[in-house]
Amino acid sequence: MLRRKIEQTLTQWKNAPDRKPLIIKGCRQCGKTYSVLDFAKKNYKHVVYLNFFENPAYASVFAGSLEIDNIVMMLSALLGSEAVFEAGKTVLVLDEIQDCPEARTALKFFRIDGRYDVIGTGSLLGVKGYGKEPKSIPVGSETVIDMYPLDLEEFLWACGINEPVIESLKKCLDEESPIPEALHNRMKQLLLQYVVVGGMPEAVQAFVSTKQMDEVLRIQRDIIRSYEDDMVKYAERKDKSRIKECFQSIPKQLSKENKKFQYSVVKKGSTAAKYAGSLQWIEDAGIISRCYNLRLPELPLDGNAEEDVFKVYMKDCGLFVSMLEDGTQYDILQGKLYGYKGAIFENLIADIFAKMGRKLYYFHKDTGLEVDFVIRYKGECTLVEVKASTGNIKSTKTILNRPEKYHVKQAIKLGDYNIGRSGQILTLPLYMAFLLRSL
């Protein structure tokens, strides 16, 4: 079983005396159902489970009165001994709740009633064109949290890297002292494995159990196909082909020198007016992250972001690599990345930052200045440059040398290095990006 951070989040939610019904959002196959049911079985005497995607008939329970005693009676009649409701000891799990909007509306009444805990999961909640919106979203009556595929730290746990090892890495970061060479080399190896495996639970489990990369790739490409099937099945008719075209253009978008997302790359002559909604659909489904350009690299970052100028990264780097041609996984593991390495490692850092809950930003000016990412770190606006191996950071140095214009005091260079510092620039190995948590 893979250890997930969501376990701690669920425990905190259950321990809150005034907890509301919980909704867990996330892309398909990121582990929502498994984690919720595992938690429920360990923490409740009774678990009542409904999957609206597999059993659409369950929606009829919520078609009439949403009074809680009526819902309990209907579920007891439908499920028999599988539906035991005992105040304070039963949790109702509503899987793929977006397929039954009335069930989401009912959360308000479960909140008022208070006898039973409710956890809902959803893969396509709020996706435009899904066609199953609740009449009334229970604002104030539910807690919504996002769940992602495994992040780098969870992947390290799965590979046997324990807490003391991670604490030693944190200590080296805090003290800005080099990481011991044996550990440094092991972490570099694990990072390359994470680049190609990513964090989809089935892919990680296959890798940990078998180390067979062909099996990992098969699983990843099955997931990609399931995403494309969702685009065809659930999107509005006029958007179906456009959404798929946007999605399939991502590798081409990131292969450009200027990685800004361009609708003309999706299809020659295309415009935002035609394709913006399609891209939004993919983002709402939890598959991609947008990285917004900043007018100026200053805090607050959100206030300086340009909404119509952005890059697009896959939320999971392993799925991104699986979209590339056969042999790419082997090349990455061997360190043979050639010209495309910049895109791969930028998507890696976008994966790490996004799964930390960070919104993504970068800085680009037509004069040629460009910085891969800009984050808030330790209360300061911090430039982050990503280098697959080595490389200059001319733009970062230019910005740091003009404090009167840019007001930036620090930068981080991530690459194939050990820890070191040169003035305002802290150099870190790529794998330490997951430790840049301090805001």
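The values are calculated or read from the model by the stated rules, or taken from the named source; none is laboratory data. As the structure is a computational prediction, the values presented were derived from the model and not from experiment. Ideal geometry is used to build each Cβ from the backbone, glycine not excepted, and the neighbour counts take in all protein chains shown.
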### Summary
Counting only residues in the range 342-394 that are over 19 Å from E153 (Cβ atoms) and under 16 Å from the mean Cα position of the chain (by Cα), the one surrounded by the fewest Cβ atoms within 10 Å (Cβ to Cβ) is identified as K359
### Task
Could you check, for the range 366-382, whether at least one of its residues is assigned to a loop (DSSP other than H, G, I, E, B), assigned by TED's automatic domain parsing to the domain that holds M187, in contact with a Leu (Cβ under 8 Å, 6 or more places away or on another chain) and among the small types (G, A, S)?
yes
### Residues of the range 168-185 satisfying the condition of being surrounded by fewer than 16 Cβ atoms within 10 Å (Cβ to Cβ) and part of a helix (DSSP H, G or I)
S168, K170, K171, D174, E175, E181, A182, L183, N185
### Task
Out of the residues in the range 141-160 that are buried (at least 18 other Cβ atoms within 10 Å of the Cβ) and of a type in the set (A, V, I, L, M), state the one that is farthest from K378 (Cα to Cα).
A158
### Summary
Within the range 395-408, residues buried (at least 19 other Cβ atoms within 10 Å of the Cβ) and not hydrophobic (A, V, I, L, M, F, W, C) come out as S395, T396
### Summary
The condition of being farther than 22 Å from K355 by Cα, buried (at least 21 other Cβ atoms within 10 Å of the Cβ) and of a type in the set (S, T, N, Q) holds, among S264, S278, S270, only for S278
### Message
Looking at Q12 and the list (1) modelled with pLDDT of 95 or more; (2) within 22 Å of the chain's Cα centre (by Cα); (3) surrounded by 15 or more Cβ atoms within 10 Å (Cβ to Cβ), which single condition is not satisfied?
### Response
(3)
### Summary
Of the listed residues (K240, K233), the one being in the same structural domain as L348 (by TED's automatic domain parsing), at pLDDT below 95, surrounded by 15 or more Cβ atoms within 10 Å (Cβ to Cβ) and in a helix (DSSP H, G or I) is K240
### Message
Considering only residues that are surrounded by 12 or more Cβ atoms within 10 Å (Cβ to Cβ) and either within 21 Å of K32 (Cα to Cα) or polar (S, T, N, Q) (or both), which ones fall in the range 66-81?
### Response
N70, S76
### Query
Pick from the range 396-434 the residues that are modelled with pLDDT under 95 and in a loop (DSSP other than H, G, I, E, B): which of them is nearest to H364 (Cα to Cα)?
H407
### Selection count where residues are under 13 Å from A350 (Cα atoms) and aliphatic (A, V, I, L, M), scope the range 320-338
0
### Query
Taking the stated definitions as given, is E215 charged (D, E, K, R), farther than 26 Å from F310 by Cα and either surrounded by 17 or more Cβ atoms within 10 Å (Cβ to Cβ) or free of Cβ contacts under 8 Å to residues at least 24 places away in the same chain (or both)?
yes
### Selection count, the range 349-367, where residues are among the small types (G, A, S) and touching a Ser or Thr at 6+ places or on another chain (Cβ under 9 Å)
2
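Quick grid of which residues meet (1) modelled with pLDDT under 95; (2) assigned by TED's automatic domain parsing to the domain that holds V196; (3) of a type in the set (G, A, S); (4) more than 22 Å from L124 (Cβ to Cβ):
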site	(1), (2), (3), (4)
S289	no, yes, yes, no
Y292	no, yes, no, yes
R295	no, yes, no, yes
C317	no, yes, no, yes
G327	yes, yes, yes, yes
### Task
Mind listing whichever residues of the range 1-19 are more than 28 Å from I161 (Cα to Cα) and not in a helix (DSSP H, G or I)?
A16, P17, D18, R19
#### Entry: L94 being at pLDDT below 95, in contact with a helix residue (DSSP H, G or I) (Cβ under 6 Å, 6 or more places away or on another chain) and among the aliphatic types (A, V, I, L, M)
no
### Selected residue (criterion: modelled with the lowest pLDDT) from residues of the range 253-266 that are farther than 16 Å from L319 by Cβ and assigned to a helix (DSSP H, G or I)
S255
### Task
For the range 51-63, name all the residues that are outside any helix (DSSP H, G or I) and either exposed (fewer than 12 other Cβ atoms within 10 Å of the Cβ) or hydroxyl-bearing (S, T, Y) (or both).
E54, A63
### Query
Can you name the number of the only condition in (1) at pLDDT 95 or above; (2) surrounded by 15 or more Cβ atoms within 10 Å (Cβ to Cβ); (3) of a type outside the set (S, T, N, Q) that P138 fails?
(1)
### Task
Please enumerate the residues belonging to the range 52-72 that are over 30 Å from the mean Cα position of the chain (by Cα) and either more than 18 Å from Q98 (Cβ to Cβ) or among the acidic types (D, E) (or both).
G64, S65, E67, I68, D69, N70, I71, V72
#### Entry: Pair list, Cβ under 8 Å, 6 or more apart: the range 34-48 residue more than 18 Å from P149 (Cβ to Cβ), other residue modelled with pLDDT under 95 and assigned to a strand (DSSP E or B)
none
